[in-house]
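A short worksheet on the structure shown next.
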Amino acid sequence: MTTTWSDRQCDKNDICRFFTRYASYMLGCGATCQRIGINLQRMAKVADSTVDLIILPSHIMITLVDNQTGQACHHSETIAKVPISYEINTLLSKLSWKIAEGDISFPSAVDMLERVVTTARSLNPWGVMFMVVLANAAFCRLFGGDIHAMAIVAGATLVGYGFKNILLSCHIDVKVVFLLCSFISAIIGSAGYIFHVTPTPEVALGTSVLYLIPGIPYINSITDMMTNHYLCACSRFMNALLLTGCIAIGLTAAFLVMNIKIF
Amino acid sequence: MLTTKIIWLLIVSVSLVVLIGYILYHEENQLSGHRHHFVEIDHNDNFTDDDDVE
């Protein structure tokens, strides 16, 4: 049965609030502005409305206009502070299709959104950690590191990534987390210099913190810039730059503590 | 150099103890029902073809 949200049982204010919450989580979990806009327009058709989106560095504002009456309603919300998750991103996109296909009522859509943002965790964290360790060790190899350097990088990544997960789950500020994890990984990555176990200690040290580089915010900022969302692009770029700065501070602190003079 | 080695060993040992300690504590206190959740949303895949077209 096809369901539309254009009847009087669905209050436009509630729909607008739902769209704002949806966009807030889409943005928080790493979707581009273009993707959010497309998904919202898709869902707005079911409510026989059009939607306009304003994305500020920390807030999101949505205007929903009824196509029949011209009545407009606005809602704003703070952008959700959630880890980047393509799993949630995908599920929210699927939810928008489900709504567009008319398969789901408004109350069910609200419930589904809450379920997705509060409980969706499909990947095993240990599996992810294993893949991150392998990927970072592979980076070390790509930059010319030998097998011992790769082992050092794997160890540094394992401990650093473990700390990152723990600290983030304790809701510690992400900048502090990046600084600490960078410091710990760099300390472990300096084993090549301290114990002379590899002829390529500089590669091991340099690549030990690569897993922390905020690649998705950098890529999204470029994508947003290409789609004329300059404000969001700058915001994402500055966030990524700050995190990169924290990584650099952690790395430098490790150099000082371990008395390593590369430069 | 010996001091640097001792500092390295100290930092790494403390990091490992904290990490392993937290994992063991967390695993013990985590309810089995709260480990992983799967949310499935099925929809007609035919509609995704124009997903990126504005």
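The values are calculated or read from the model by the stated rules, or taken from the named source; none is laboratory data. Please read these numbers as outputs of a predicted model, since none were measured by experiment. FYI the Cβ positions are ideal-geometry reconstructions off the backbone, even for glycines, and counts take in every protein chain you see.
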(request) Return yes or no: is A:Ile188 under 27 Å from B:His26 (Cβ atoms), in contact with a Gly (Cβ under 7 Å, 6 or more places away or on another chain), more than 14 Å from chain B (Cβ to nearest Cβ) and among the hydrophobic types (A, V, I, L, M, F, W, C)? (result) no
(message) Criterion first (crowded, with 22+ Cβ neighbours inside 10 Å and either β-branched (Val, Ile, Thr) or more than 11 Å from chain B (Cβ to nearest Cβ) (or both)) does A:Ala204 satisfy it?
(response) yes
(request) State which residue is surrounded by the fewest Cβ atoms within 10 Å (Cβ to Cβ) when the search covers only region A:35-47 and only residues that are at pLDDT 90 or above and in contact with a helix residue (DSSP H, G or I) (Cβ under 6 Å, 6 or more places away or on another chain). (result) A:Arg42
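Residues are listed down the side, and each one gets a yes or a no for (1) assigned to a helix (DSSP H, G or I); (2) free of Cβ contacts under 8 Å to residues at least 40 places away in the same chain:
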site: A:Ala135; (1), (2): yes, no
site: A:Cys140; (1), (2): yes, no
site: A:Ala149; (1), (2): yes, no
site: A:Ala154; (1), (2): yes, yes
site: A:Thr157; (1), (2): yes, no
site: A:Phe163; (1), (2): yes, yes
site: A:Leu168; (1), (2): yes, no
site: A:Ile172; (1), (2): no, yes
(request) Sort out which residues of region A:92-106 are within 10 Å of another protein chain (Cβ to nearest Cβ) and among the polar types (S, T, N, Q), and write them in order of number. (result) A:Ser93, A:Ser96
(request) Examine region B:4-20 for a residue that is of a type outside the set (Phe, Trp, Tyr), at pLDDT below 85 and surrounded by 11 or more Cβ atoms within 10 Å (Cβ to Cβ), and state whether such a residue exists. (result) no
(message) Out of A:Thr50, A:Thr32, I need the residue that is of a type in the set (S, T, N, Q), under 23 Å from A:Gly215 (Cβ atoms) and at pLDDT 90 or above. Which one?
(response) A:Thr32
(request) Among the helices (runs of 4 or more DSSP H) lying completely within region A:179-263, list those that include at least 3 residues that are more than 25 Å from A:Ile55 (Cα to Cα), modelled with pLDDT under 95 and in contact with a helix residue (DSSP H, G or I) (Cβ under 9 Å, 6 or more places away or on another chain). (result) A:191-195, A:201-207, A:230-257
(request) Read through the list (1) assigned to a helix (DSSP H, G or I); (2) within 9 Å of chain B (Cβ to nearest Cβ); (3) surrounded by 17 or more Cβ atoms within 10 Å (Cβ to Cβ); (4) touching a residue at least 12 places away in the same chain (Cβ under 8 Å), then give the number of the only condition that A:Ala109 fails. (result) (2)
